[in-house]
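What follows is a set of notes on a single structure, which appears directly below.
Nothing in this text is a laboratory measurement; each read-out follows from the coordinates by a stated rule. If you're wondering where the values come from, they're calculated on a predicted model, not measured in any experiment. Reconstructed Cβ throughout: ideal geometry from the backbone, glycine too, with neighbour counts over all protein chains shown.
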Amino acid sequence: MRRQQIILCVVAAGAGAAALIGPGLLADMAEIGSDAPAPTQQAVDYIDPRPGGRLSAKDLPNLITAAQARLKNVPQDAETWARLGSAYIEQARITADPAYYPKADGALRRSLREQPEENIAALVGMGSLAAARHDFAGARDWGLKAQKISERHGPAYSVLTDAYLNLGAYKSAERALQRLLDLSPSVASYTRAAHLFELKGETTRAKEALRLAEDAAVIPSDVASVAYFSGELAWKTGRPQDALTSYDLALTILSDYAPALAGRGKARFALKQTDDAIKDYEAAVARTPHPRFLLELGEIYRSLGRPADADRQFALLKATARLFTDAGVRDDLGIARYEADHGDPAVAVRLARAEWKRRPTVDVADALGWALHRAGHSAEAMRHARYAARLGEHNAEYAYHRGEIERALDRKRDAVRSLTTSITINPYFPRAAEARESLKRLSADRR
């Protein structure tokens with residue numbers, strides 16, 4: 001197979017800003033065949049959208065049982081300890097039960113004790129576990145250790161790509177992704193490329209990357225995953241009907257795929273299919289009570305004038321977040337977002353600052369800026385709102401937050417521009433009605 005290099009070029013775009021360029025990137029991607037081995041680790045984020053990877057929810061218990069039986073007879077088997085640890089991580093992801101993380105940690109560390117040297121499977125597993133716990137600096141360090149053993153090991157670059165992205169080290173993420181694409185063109189690497197293009201607002205390229213991912217998808221979980229990513233891209237670019245079609249496809253393949261259920265819920269709510277939207281969200285929460293799903297459902301209930309139902313979701317959100325914290329998951333972002341809009345903004349600022357120290361990404365910058373604004377510190381908030389746009393102006397919620405901060409600072413012209421941008425990017429995003437109302441007020445003030 002002829003292999004052409006995929007080029008991800010990076011240029012400075014102002015102080016500390018990165019912009020993705022490289023017109024030939026996806027043309028080169030299309031030249032790469034799909035017979036290279038796929039990486040075993042895929043993107044890890046606050047919500048990992050994979051429905052099951054190459055280990056389904058049905059297969060995992062059998063794999064875990066078999067590994068445990070093997071280790072009773074051969075406790076020094078480092079490879080099986082590593083396999084068991086990775087299976088526990090996958091089980092935690094599928095079930096949203098963080099109690100599996102300590103089990104994974106124990107199994108992977110036992111593997112490293114049994115084989116301290118050249119144990120790349122355990123190193124990659126530790127990197128994946130660190131990322132799942134939102135210790136992205138730790139994930140980076142484990143990935144670098146794995147890379148030192150082999151510079152041709154795709155899963156190591158999967159860990160590094162995800163770690164760098166979540167540390168806000170976008171140039172390093174692009175370099176790691178480039179290497180991953182060279183070694184393992186696959187659903188996992190193509191969807192990562194699509195995510196980077198989407199971050200930069202390069203929608204056409206993101207769609208093309210997803211088309212390549214679709215071509216590479218063979219097993220049902222991969223097909224469903226690509227459909228979900230396509231739905232997310234359509235949603236973020238203001239196309240709820242297209243998003244609904246993609247989410248429906250994912251759910252046709254895997255009917256209990258929680259991220260797609262939540263995605264379909266938000267698309268249906270935007271399309272005024274309120275009852276069906278709530279049913280989808282409730283099904284997603286029943287399947288995977290993830291803090292983001294709970295927050296979104298609570299906000300829908302509140303918008304419908306159902307405060308008691310909203311409060312139940314918010315209470316469950318906080319309880320779930322505590323379970324994740326007890327299992328070693330270091331993530332203050334979800335609760336910071338809740339506190340900023342529905343709780344104590346001062347608490348939101350404290351939590352968002354802690355998250356910012358760990359990972360200065362555009363997402364955390366937006367959350368911190370909004371929390372500061374809600375706490376009455378709009379001047380300081382403005383700096384973070386600008387940082388949130390460092391990869392370009394392509395997120396409706398970021399633009400809305402910045403517009404409200406500018407409005408509070410009496411920067412009316414800037415506020416009009418930012419708020420208009422937010423509803424241009426996505427006329428259906430959850431705060432679109434509030435953005436329109438703010439624009440009306442600004443227009444009235446001008447008269």
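Placing R0 at 41 angstrom, the Cβ-Cβ distance between Glu118 and Arg353 gives a FRET efficiency of 0.50 after rounding to 0.05.
Place a point 7 Å from Cα of Asp410 in the direction of its Cβ. Which residues in the stretch 369-392 have their backbone N less than 15 Å from it? 378-379, by backbone N distance to the label point. For the chain, excluding the exposed loop sites themselves (GluC sites (Glu not before Pro), DSSP loop, at most 11 other Cβ atoms within 10 Å), the longest remaining stretch covers 152-447.
Residues Ser150, Ser189, arranged from fewest to most other Cβ atoms within 10 angstrom of their Cβ, appear as Ser150, Ser189. Going by a ≥ b ≥ c, the root eigenvalues of the Cα gyration tensor, does the stretch 307-447 fall in the rounded group (a/c under 1.5), the prolate group (a/b larger than b/c) or the oblate group? Prolate shape, in that a/c is at least 1.5 and a/b is the bigger ratio.
Label-point separation (nm) for Arg417 and Ser303, each offset 7 Å from Cα along Cα-to-Cβ? The modelled label-to-label distance comes out at 2.8 nm. Past 23 Å, Cα to Cα, is the threshold; run Lys266/Lys357; Lys171/Lys412; Lys103/Lys279; Lys236/Lys272 against it and keep the listed order. Listed pairs above 23 Å: Lys266/Lys357; Lys171/Lys412; Lys103/Lys279. Helices in the chain, meaning DSSP H runs of at least 4 residues, each add -39500 (n - 2.57). Divided by all residues, the mean residue ellipticity at 222 nm is -23000 deg cm²/dmol.
Computed over the chain with a Gaussian network model linking Cα atoms closer than 10 Å, the most mobile of Ala66, Ala385, Ala130 is Ala66. Charge dipole of the chain (Cα centre as origin; +1 on each Lys and Arg Cβ, -1 on each Asp and Glu Cβ, all else neutral): 920 debye, rounded to the nearest 20.
Specify whether the C-alpha gyration tensor of the stretch 361-426 places it in the rounded, prolate or oblate class, a ≥ b ≥ c being the square roots of the eigenvalues: rounded for a/c under 1.5, otherwise prolate if a/b is larger than b/c and oblate if not. It is oblate, given that a/c is not under 1.5 and a/b is not larger than b/c. Length, then width, then depth: along the principal axes, the Cα atoms of the chain run 79, 50, 40 Å.
On the basis of the beta-carbon distance and an R0 of 45 Å, Glu282 and Ala444 show a calculated FRET efficiency of 0.70. Straight-line reach from Lys207: taking Cα to Cα under 19 Å and skipping same-chain neighbours fewer than 8 places apart, the aspartates and glutamates in range are Asp28, Glu31, Glu174, Glu198, Asp215, Asp222, Glu232, Asp242, Asp248, Glu393.
Between Asp242 and Arg312, the distance separating the two model label sites (each 7 Å from Cα on the Cα→Cβ line) works out to 3.7 nm. Remark on Arg330: its backbone amide H falls under 5 Å from those of His134, Asp135, a criterion applied only to residues 5 or more positions apart or on other chains, H modelled at 1.01 Å from N. Judged by the ratio a/c of the largest to the smallest principal axis of the C-alpha gyration tensor, the stretch 129-259 counts as prolate, that ratio being 1.5 or greater while a/b is larger than b/c. Considering the zone a paramagnetic label at Val74 would reach in this model (a point 7 Å from Cα along the Cα-to-Cβ line), which residues of the stretch 110-150 have amide N under 15 Å from it? 111, 114-115, by backbone N distance to the label point.
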